[in-house]
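The values are calculated or read from the model by the stated rules, or taken from the named source; none is laboratory data. Note that the structure is predicted; figures quoted are calculated from it, not measured. Cβ atoms come from the backbone with ideal geometry, glycine included; neighbour counts cover every protein chain shown. All accessible areas refer to the heavy atoms of the entire protein, side chains included, with ligands and DNA or RNA removed. Shrake-Rupley method; radii C 1.70, N 1.55, O 1.52, S 1.80 Å.
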Amino acid sequence: SLSSSSTINLPIGKNNVLKQKLLEVVGTDKWRINILHDHERPPRRPSVIVNEALELVGTTRLYHVINYNCEHFATELRYGNPKSQQVVDALDIGVGVTTAVSVSAMAILGAFLWKRSSLN
């Protein structure tokens, strides 16, 4: 992964972890829950995912579009290990990193948080 000292101008910052219903996040946009890595490793039990997510609500997490974005956060909750396939794919083809990852990852995060909140 790239370091924050890279010459590429990438969004770096902090994000607050929130609990919101999916429809509050996506509005009328289309969405889907990404289970892309379920064939590689089994997801953690829903109760583990939900409990960990709820413990993180109200905290602040570091954000870096390549090293730790919203997709990393969501896959870390689901599988116990952060991974962003969008970053891997974007770096492989070398285009659209900032826009593609940021927009899609926010939708993924919203879907995961909604799934967790609906289990309460």
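Count charges around PRO11 for me, please; just the other residues with Cβ under 14 Å from its Cβ, Lys/Arg as +1, Asp/Glu as -1.
Taking every other residue near PRO11 into account, the sum is +1.
Taking region 13-77, which trypsin sites (Lys or Arg not before Pro) meet the DSSP loop condition and have no more than 10 other C-beta atoms within 10 Å?
Qualifying residues, ordered by number: LYS30, ARG32.
Write out the GluC sites (Glu not before Pro) in region 14-89 meeting two conditions: DSSP loop, and at most 12 other Cβ atoms within 10 Å of their Cβ.
Those that pass, being in a loop and sparsely packed, are GLU40.
Taking a 1.4 Å probe, which of THR59, THR75, THR28 shows the most accessible area, and what order do the others take after it?
Accessible-area ranking of THR59, THR75, THR28, largest first: THR28, THR59, THR75.
Find out how many positive minus negative residues lie around TYR79, taking Lys and Arg as positive, Asp and Glu as negative, among other residues whose Cβ is under 13 Å from that of TYR79.
For residues surrounding TYR79, the net value is 0.
Give the aspartates and glutamates whose C-alpha is closer than 19 Å to that of LYS83, dropping any in the same chain fewer than 8 places away, or say none.
Here the aspartates and glutamates satisfying the reach criterion relative to LYS83 are ASP38, GLU40, GLU52, GLU71, ASP92.
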